[in-house]
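We did not get these values from a lab; they are worked out from the coordinates using the rules stated. These numbers were taken from a predicted model, which means no experiment stands behind them. All Cβ positions, even for glycine, are placed from backbone atoms using ideal geometry, and neighbour counts span all protein chains on display.
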């Protein structure tokens, strides 16, 4: 580190780590921060968004952190409810991601701000909402510093009401993402009206999200069409939300062209871009195209590149297990949990190349597409300016809380929704 940044970093370590992080890791030199810090760093640079790397395995965590250090970029590590909740398909989860990150950051001497994000915390019914009031605090107790409350599976009014009911259980200092419209590709695209309803209703009750995620044309997992991000739609919605100072969170990034992602960074208010499937595939040594989308052979099977990622013997074991379970290429994500320990038990040379593949991809994305290089000092600067781990909200209350009663929310919400697209399981 340069002398000035080293001094600023040391000060940020003293004041910028949230209370859950200082309690868990009292002797740590890892600058684990609120998601708000990462958002402010991107806004300070302008036209920048950072990767929110879904750490489906330990190799992704290591590779993403190494890339962030090399790019001098503030970064988000995250895991979604489907990936790392109580019914998870990954060994990395809501309750151990911060611990893994802190260990790697200290081991490798990482000196950039890092947020730990609970992505896609889905609320689909009353039972989910009831359990969330205990589960969400447990996640923050385990080191989460940012959360995406995703009640987008519900009708608009229920989405807003569920988000309001859960809000008191989320620390005020934490990064907060909200979502309108399930991520389901070209079906059920989000509208300005839907986004305004959600953000205005939250605003009336003193809830100021840092990000909003939209269904703007992308899908999770392996992409099967070239529909991709609708840049104009995204920009239109972000412009309508401008008075509320909420940034965009781009989901379903894997598989989109660099051109689309460059435009999202430059032409919209997006500061966070989720990447999951691409990083998993690259760590394994699966062949991907320039946009991180896994390539398939003529029979629809994933293609393993010799000498990259895991060993050929381990890949053969994975394929045999997948065949036994009847998994198609899109189901291979379910191999993360049963194979994590086996992957960690491989020779060091193999483990290192798994990490290196992720590092190369994340570095290229961060510096050549997302424009997030050299945002680490901007994150530190935001902490020092606030002299606190709590940067406070970007916006202020513009809506009348007296107007936004439950009765009004239900009556208005029923008139907001357009075509929500087909029903089904669209989780990450």
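Summary of computed values
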{"read-out": "Sequence of 161, 302 once ranked by neighbouring C-beta atoms within 10 Å, starting from the fewest", "value": "161, 302"}
{"read-out": "Gap separating the Cα centres of the range 43-111 and the range 371-398, nearest whole Å", "value": "19"}
{"read-out": "Distance between modelled label sites at residue 295 and residue 2, nm, 7 Å Cα→Cβ extension", "value": "4.0"}
{"read-out": "Globularity index of the chain, i.e. its alpha-carbon radius of gyration over 2.2 N^0.38 Å", "value": "0.93"}
{"read-out": "Max mean-square fluctuation residue, GNM over the chain, Cα-Cα springs under 10 Å, options 323, 204, 294", "value": "323"}
{"read-out": "Ranked 58, 117, 205, criterion: other C-beta atoms within 10 Å, fewest first", "value": "205, 58, 117"}
{"read-out": "Fluctuation leader among 52, 67, 126 - the chain, Gaussian network, Cα springs under 10 angstrom", "value": "126"}
{"read-out": "Additional length obtainable on full extension of the chain from residue 10 to residue 127, 0.36 nm per residue less Cα span", "value": "37.7 nm"}
{"read-out": "Fluctuation leader among 401, 155, 18 - the chain, Gaussian network, Cα springs under 10 angstrom", "value": "401"}
{"read-out": "For 297, 8, order by how many other beta-carbon atoms lie within 10 Å, fewest first", "value": "297, 8"}
{"read-out": "Distance in nm between pseudo-label sites at residue 89 and residue 317 (7 Å out along the Cβ direction from Cα)", "value": "2.0"}
{"read-out": "Peptides ranked, highest mean first, by Cβ atoms within 10 Å: ranges 74-81, 90-97", "value": "74-81, 90-97"}
{"read-out": "Alpha-carbon centroids, the range 7-42 and the range 319-361: separation in whole Å", "value": "32"}
{"read-out": "Cα→Cβ-extended label distance, 7 Å offset, between residue 341 and residue 239, nm", "value": "5.5"}
{"read-out": "Extension gain from residue 232 to residue 331, taking 0.36 nm per residue of separation minus the Cα-Cα distance", "value": "32.4 nm"}
{"read-out": "Residues in the range 59-103 that a label on residue 384 would reach, taking backbone N under 19 Å of a point 7 Å out along Cα→Cβ", "value": "72-75"}
{"read-out": "Paramagnetic label zone (point 7 Å from Cα along Cα-to-C-beta, residue 394; backbone N under 14 Å) in the range 145-161", "value": "none"}
{"read-out": "Relative contact order computed over the range 17-388 (Cα-Cα under 8 Å; 6+ residues apart), in percent", "value": "23"}
{"read-out": "Two-site FRET efficiency, residue 205 against residue 305, from Cβ-Cβ distance with R₀ of 51 Å, rounded to 0.05", "value": "0.50"}
